[in-house]
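The values are calculated or read from the model by the stated rules, or taken from the named source; none is laboratory data. Quick caveat: nothing in here was measured; it's all calculated off a predicted structure. Just the protein is used for accessible areas: all its heavy atoms, side chains included, with ligands, DNA and RNA removed. Shrake-Rupley method; radii C 1.70, N 1.55, O 1.52, S 1.80 Å.
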Amino acid sequence: MVSRSDILVLGLTAGIVGSLVGGLLLYAGLALVMAGSHAGWLLALPAAPAGGGLGLLLARRLAAKAGPEGG
C-alpha cells in the first residue's frame, strides 16, 4: 500500500533531482556553446527530458511497490 507520504516524497525527490540534473546539463551545454563548441547542444537539448526521465523512473519504482492492484 502506498501512503500519502510516499507520494509526497516521490514528488519532492523527482522535483529536486530532476532540477539538479536538468540544470547541470543545461549549464554545461550552454557553457560549451558560449565557448564556441557546437557539441554543447548535445548536452543542452536533452536536459529537460533527462530530468523528467528520472522522475518517471522513480514513479515506476513506487508503482511496482504498490503491486498489481494499484493500491
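Give the carbon-plus-sulfur fraction of the accessible surface of the chain in %, rounded to a whole number; probe 1.4 Å, heavy atoms of protein chains only.
Ligands and nucleic acids excluded, carbon and sulfur reach 75 percent.
Whole-Hz Karplus ³J(HN,Hα) for the range 57-64, in order, using 6.51 cos²θ - 1.76 cosθ + 1.60 and θ = phi - 60°, x for Gly and Pro?
5, 5, 5, 5, 5, 5, 5, 5
Give me the extension gain from S19 to L57: residue separation times 0.36 nm, minus the current Cα-Cα distance, reported in nm with one decimal.
Stretched out fully, the S19 to L57 stretch lengthens by 12.2 nm.
Note down the relative contact order for the chain as a percent, whole number, built from C-alpha pairs under 8 angstrom at least six residues apart.
Answer for the chain is 42 percent.
Please give the calculated 222 nm ellipticity per residue for the chain, where each DSSP H segment of at least 4 residues contributes -39500 (n - 2.57) and the sum is spread over every residue; nearest 500 deg cm²/dmol?
-26500 deg cm²/dmol
What are the extents of the Cα atoms of the chain along their three principal axes, in Å, largest first?
The principal-axis extents, from largest down, are 52, 19, 9 Å.
Report ³J(HN,Hα) in whole Hz for each residue of the range 45-54, in order, from the Karplus equation J = 6.51 cos²θ - 1.76 cosθ + 1.60 where θ = phi - 60°; Gly and Pro get x.
Taking θ as phi minus 60°, the curve returns 5, x, 5, 5, x, 5, x, x, x, 5 Hz for the range 45-54.
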